[in-house]
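The values are calculated or read from the model by the stated rules, or taken from the named source; none is laboratory data. Here the structure is a predicted model, which means the values were calculated and not measured. Cβ sites come from the backbone with ideal geometry, for glycine too, and all protein chains shown count toward neighbours.
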Amino acid sequence: MKKKYFLNANIVDPYNSIEEIGGLIIDEEGKIEAIGKKVNKNNIPSREKFIDLKEKYIFPGLVDMRVFVGEPGYEYKENFRTLSNAALAGGVTSVVTMPNTSPIVDNVSIVDFIKRRGRDKSKINIYPTASLTKNLEGTNMTEFGLLQKKGIVGFTDGTQTIQNTRLMSRIMRSAYDLNSLVMQHAEDYELAKNGMVNDGIIATQLGLHGIPDLAEKIIIERDLSLLEDFNCRYHISQISSSKSVDAIERKKDIVNFTTGVSINNLSLNENDVGDFRTFLKLSPPLRTEEDRISLIKAINKDLVDVIVSDHKPEDEESKRLTFTQAATGASGIETLLPLALELFHNDSVKLFKLIKLLTSNPAKILKINKGNLSVGSDADLCIVDIYKPWIVKKEKIFSKSKNTSIDDKKLQGQVLNTFVKGEELFKI
Amino acid sequence: MATSFKKAVKISQKNLLGIQDLSISDINVILDDAKQFISLNKSKNKKLDILRGKTQINLFFEPSTRTQSSFELAGKRLGADVMSMNIVNSAIKKGETLIDTAMTLNAMHPDIIVIRHQDSGACNLLSQKVNCAVINAGDGRREHPTQALLDALTIIDRKKKIQGLKIAICGDILHSRVARSNIYLLNMLGAELNIVAPSNLMPKDIDKLGVNKFSDMKKGLKDCDIVMMLRLQNERMTSSFLSSNREYYEYYGLTPDKLSYAKDDALIMHPGPMNRGIEIDTKLADDINKSVIKEQVELGVAVRMACLKIFCE
C-alpha cells in the first residue's frame, strides 16, 4: 500500500482530545503514522503527492453500536456485503451486530459462521453480539464466557427485553464474574403490549395502541436498582423519553452504567408518523418534541454516552401493510452522521461531543481499539464535508432495504471518502 | 322527480376517510344532501337512478350488520351496482395483503369502495392504491365518519341545531372510532362535549381534543341535551380493563337515576349493537320518548346515500 498524505484538514479525534487543523499520514501498513498540526507541507517528502483537505473534516471511522444485519436468515433484508457498503457510505467503519437473526446468535457454532461471513463479505469491522438468553426466550442465559472467547463483544436480546427480575439479577451476577457487557432494550412488555407509537395524543387520534414512556422507565429503574447490588458492565441500548433521562440522572452518581440513544429519537418526533407512515414505526417509538429536547439536553449533560443508528433494514413487503401489521424499524446507518451533524448545525450539540458519542465512547464501552486516530492504530477514518447540502433519496440508498425514516429530507454534511485499515473503500 | 336530486355539490376531499379531513362546509354539504333522502326513504318508491352504471364495492373485514346493510341499501336505492365482498371466502384468507386486494379490485374499475377494517389507517392505505373514491366504514379505533354524520343528522332532526348543545359521550371511549369521529364533528359544529368513561377506557390526552373529561357519570351527564352511549367492546379488550360487567353497569350503565342528571328533554343515542343491561338499561333503550336509537339507523341510510352520491361524482 502506498503512503497517503492529507493536509490542512479539520481533524476531530475525541479519544486523543484533538480538534485542530492539521495533517494525517497513513503508512504502508494502513496504520496512522502521524497526525495533527505538526503534519504540514514542510515535513513530508517533496516528491510525495498529498491531498489538500482545506475546509474538510477528518473523523475517526464511526462505531455504530446497534445494527441489525439479515445474515443468517433474512439475507433478503440485508447481508454483510450490503451492510458494509451502506456503512461505508455513512462513514461507519465498525458495527455491533444484533443477535436477532435466524437462527439466533445464542451459541458458539453460529458465532464462527458470522465471523467468517463478516470477514469474507464485508469490508468493515464486524463486532457481533450474542443473545442474553437462549432463543431470546428470556428464560435461560447463554454461555457468556465461551461466547466471549469466540469474539462476542456484548450480550443483548436486541429487540427483546429481559422481563424476569430474578433472571436479570442472575445475568448481572454472571456478567460480573465474566466481565461481560450486558445491553438492555428497555421495555416492559405488559405496559407496552400491542403498542406501536408513543402513548399520547397522536396514538389517540390515529387510533393506535400506545407505548407509554413508563414502560421504558420502569425497566431502567429496575435494572439500575439491581445494578447497585450486582455491579456488571451494563448499557441501556436506547432511551427515548424525558422520564428515562430523569431516572438515569438520579442514578448516575450511584452506579456505573452507560446509555445509548437512537439518532431517530434525537431527530424526529411522534408528529412525523403523520398519516400512518410505517417507515416511522420504531422501537422505542418516536415521542414528543419535549422528549426529543430532553434527550439532547441529556447528551450535553453527559447522561448519554453513545448515539446509534438502530439500523433495522426491512424489505418493502414488510412495510407495505397497515401500520398495525407493518414491521418495526428503519434503515439508517448511512444517514447516522449527516443526521447527527444536523444537531451541530442547529446549535444543539457541539461537534466534538457528537463525534465522541459516535466514535471513542462506544469503543470504550466495547473495549475495542477503534474510534480513534492514535498513531499506530488502524487508519479507519472518514473525510467529511460537513456543510455540503444533499437530499436523502431512498432509491440511492446502499442498504438492501430502502426503509429510511427520512426520505426526501434535506441534510447538510456528507461523507466524501471512507478508509478502513488505510484503504479507501468508499468515495462519493 | 329524480332529477331534482342531481344537484352538483362541491367537497374538498376525494375520499371520506375521516371527519378530521373535512371542513365545516363539507359537513354541511353532506348533511343538507342527506336531508333530501329522509322522506324518500319513507316513500313507496325508493329507487333512484342517480348512480346508475356506477359500481360500489363493499369491503368489510370485520363483522357488521347495520353499517354494511345500510351501505348496501343506500347504494341500491341510488341505482348503483353493489357488490359486497365475502371476506371469509376471499383471497385475503389465503394471505393476500390489503394492497394486493386493492390493486385487484382497482383493475375491475369500481367507482367507489366502502371499507371496514380492524386496523386503524387501513382505509388511508387503500385510498393510496386505488383510483376510485374510498369511504371509510370504520377503521380500527380511529374513525367511523358516516356514523358521526348520521348522529349529527339525528340530533339536528330532533333538536334543530347542534351549536350550543351539551352532549355527553359515555362508555368505552378507548376502543371507539365512533367516539373519535363524533368528537371531531360535534366539536366543529359547536357543541360542548363531556366525555365520560372509567379511566381505564379513557384514551391518553383526549382532553387535548377540546373536550371535558369525567370519570363520574353523574357529573358528566349534568345538564346535557344528548346522552350518547357506546358499546363496551369486550372483543377488543386484551387484558383486565374492568372488574365485571355488573360493576360497570352500576357505575357507567345508563339508568333512569343517572339520566335524571341530564336535562329533562335529553335524548338517548347509541350507535349499536347494544349490550342491554351492561351499558344501558333495556327500558331506557326502548323508551320512544327518550331514545332515538332507531331513528339513528333510519337516518343512517340517508346519510350514506348522500355520501355515496357526493363521493361518486
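Observations
- Residue check for residue A:286: buried (at least 22 other Cβ atoms within 10 Å of the Cβ), away from every other protein chain (no Cβ under 14 Å) and more than 17 Å from residue A:303 (Cα to Cα): yes
- Qualifying residue in segment B:252-261 (condition: within 16 Å of residue B:171 (Cα to Cα) and charged (D, E, K, R)): yes
- Qualifying positions in segment B:100-119 - within 16 Å of the chain's Cα centre (by Cα) and either modelled with pLDDT under 95 or within 14 Å of chain A (Cβ to nearest Cβ) (or both): B:115, B:116, B:117, B:118
- Residue count, segment B:120-174 (criterion: within 14 Å of chain A (Cβ to nearest Cβ), surrounded by fewer than 24 Cβ atoms within 10 Å (Cβ to Cβ) and free of Cβ contacts under 8 Å to residues at least 24 places away in the same chain): 1
- Options B:284, B:299, B:267, B:308; residue that is out of contact with any Lys or Arg (no Cβ under 9 Å at 6 or more places or on another chain) and crowded, with 17+ Cβ neighbours inside 10 Å: B:299
- Residue A:328 outside any loop (DSSP other than H, G, I, E, B), at pLDDT 95 or above and hydroxyl-bearing (Ser, Thr, Tyr): no
- Some residue of segment A:182-194 being within 23 Å of residue A:112 (Cα to Cα) and either crowded, with 20+ Cβ neighbours inside 10 Å or within 14 Å of another protein chain (Cβ to nearest Cβ) (or both): yes
- From the list A:145, A:151, the one residue that fits, being surrounded by fewer than 23 Cβ atoms within 10 Å (Cβ to Cβ), at positive phi and either of a type outside the set (Asp, Glu) or assigned to a strand (DSSP E or B) (or both), is A:151.
- Unique match (being touching a residue at least 60 places away in the same chain (Cβ under 8 Å), of a type in the set (Ser, Thr, Tyr) and closer than 19 Å to residue A:86 by Cβ) among A:283, A:309: A:309
- Selection from segment A:390-405 of residues that are of a type in the set (Val, Ile, Thr) and touching a Ser or Thr at 6+ places or on another chain (Cβ under 9 Å): A:392, A:397, A:404
- Residue count for segment A:406-428 under the criterion of being part of a strand (DSSP E or B) and either touching a Ser or Thr at 6+ places or on another chain (Cβ under 9 Å) or among the aliphatic types (A, V, I, L, M) (or both): the result is 10.
- Meets criteria (among the acidic types (Asp, Glu), surrounded by fewer than 22 Cβ atoms within 10 Å (Cβ to Cβ), within 14 Å of chain B (Cβ to nearest Cβ) and out of contact with any Lys or Arg (no Cβ under 6 Å at 6 or more places or on another chain)) for residue A:221: no
- In segment A:60-79 there is no residue that is touching a strand residue (DSSP E or B) at 6+ places or on another chain (Cβ under 7 Å), polar (S, T, N, Q) and either outside any loop (DSSP other than H, G, I, E, B) or on the phi < 0 side of the Ramachandran plot (or both).
- Where residue B:53 falls short, out of the listed (1) small (Gly, Ala, Ser); (2) out of contact with any strand residue (DSSP E or B) (no Cβ under 9 Å at 6 or more places or on another chain); (3) more than 27 Å from residue B:270 (Cα to Cα): (2)
- Residue, surrounded by the most Cβ atoms within 10 Å (Cβ to Cβ), within segment A:1-41, restricted to residues that are among the basic types (Lys, Arg) and in a strand (DSSP E or B): A:4
- Looking at A:229, A:213, A:199, just one residue is acidic (Asp, Glu), surrounded by fewer than 22 Cβ atoms within 10 Å (Cβ to Cβ) and assigned by TED's automatic domain parsing to the domain that holds residue A:146, and that residue is A:229.
- Of the helices (runs of 4 or more DSSP H) that lie entirely inside segment A:219-320, those containing 3 or more residues that are modelled with pLDDT of 95 or more and of a type outside the set (Asp, Glu) span A:242-251, A:263-267, A:289-300.
- Enumeration of residues in segment A:89-103 that are in contact with a Lys or Arg (Cβ under 8 Å, 6 or more places away or on another chain) and closer than 20 Å to residue A:157 by Cβ: A:96, A:98
- Close Cβ contacts (under 6 Å, 6 or more residues apart or on different chains) running from residues in segment A:411-427 that are in contact (Cβ under 8 Å) with a residue 60 or more places away in the chain and within 12 Å of residue A:389 (Cα to Cα) to residues that are acidic (Asp, Glu) and part of a strand (DSSP E or B) comprise A:414/A:385.
- Residue within segment A:312-334 that is among the charged types (D, E, K, R), more than 14 Å from every other protein chain (Cβ to nearest Cβ) and more than 23 Å from residue A:97 (Cβ to Cβ) present: no
- Test: residue in segment A:132-141 that is under 18 Å from residue A:227 (Cα atoms) and within 22 Å of the chain's Cα centre (by Cα): yes
- Some residue of segment B:62-74 being touching a Leu at 6+ places or on another chain (Cβ under 6 Å), within 23 Å of residue B:313 (Cβ to Cβ) and surrounded by 15 or more Cβ atoms within 10 Å (Cβ to Cβ): yes
- Single unsatisfied condition, residue A:46 versus (1) assigned by TED's automatic domain parsing to the domain that holds residue A:395; (2) among the hydroxyl-bearing types (Ser, Thr, Tyr); (3) crowded, with 23+ Cβ neighbours inside 10 Å: (3)
- Meets criteria (within 14 Å of chain B (Cβ to nearest Cβ), in contact with a helix residue (DSSP H, G or I) (Cβ under 9 Å, 6 or more places away or on another chain) and among the aliphatic types (A, V, I, L, M)) for residue A:162: no
- Residues that are without any contact (Cβ under 8 Å) to a residue 24 or more places away in the chain, more than 7 Å from chain B (Cβ to nearest Cβ) and either assigned to a helix (DSSP H, G or I) or under 27 Å from the mean Cα position of the chain (by Cα) (or both) within segment A:195-209 comprise just one, A:205.
- Within segment A:354-398, tally of residues that are of a type in the set (D, E, K, R) and part of a loop (DSSP other than H, G, I, E, B): 4
- Residue in segment A:271-280 that is in contact (Cβ under 8 Å) with a residue 60 or more places away in the chain and among the basic types (Lys, Arg) present: no
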